[in-house]
1. Taking 0.36 nm per intervening residue step and subtracting the Cα-Cα distance, what contour gain separates Gln18 from Arg52 on full extension?
2. Simple spin-label model, 7 Å along Cα-to-Cβ: Asp41 to Gln68 in nm?
3. When the Karplus curve 6.51 cos²θ - 1.76 cosθ + 1.60 is applied with θ = phi - 60°, which whole-Hz ³J(HN,Hα) does each residue of the range 43-59 get, with x for Gly and Pro?
Amino acid sequence: MNSLDLVQLFDVIQTFVQADTWAASQRIIEARPELLSDEADQLLSQLVAIARQQGDAQAEGAFTEHRQLLAHCRQVGLEAAFAERTMEGDEIPSELGALLTALPPEQRQVLLDAMEFPESEDF
């Protein structure tokens, strides 16, 4: 992959990670299936490592969560993977999911309890 393609892929990943809802994330993947490529997975892996090195737990959580989602899409299909992301018909915005992912389990559960959401394997 040449550097121009890599920059374009980075831009697509950035748009995907910054989507406001899981429905928006799904539409982005549908429009940009290159997010399901090995190259996108490798780039997300590098972004996770960079965020970890910089001590940015929020970015690390967001990149990790979205990388896992893409891997799950490759395993079970787009529709099934996103169906699992909804809770009782309500969506948790992807940014909140990323923040929850970055929290230690005990703090995450306190927050989920306060929001009246059940514990999820996604978090």
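Readers should treat all values here as calculations from the given coordinates under stated rules, not as data from a laboratory. Note that this is a predicted model, so its numbers are computed, not measured. Backbone-built Cβ (ideal geometry, glycine too); neighbour counts: all protein chains shown.
1. 10.4 nm
2. 1.6
3. Result, ordered by residue: 5, 4, 4, 5, 5, 4, 5, 5, 4, 4, 4, 7, x, 9, 5, 5, 5 Hz.
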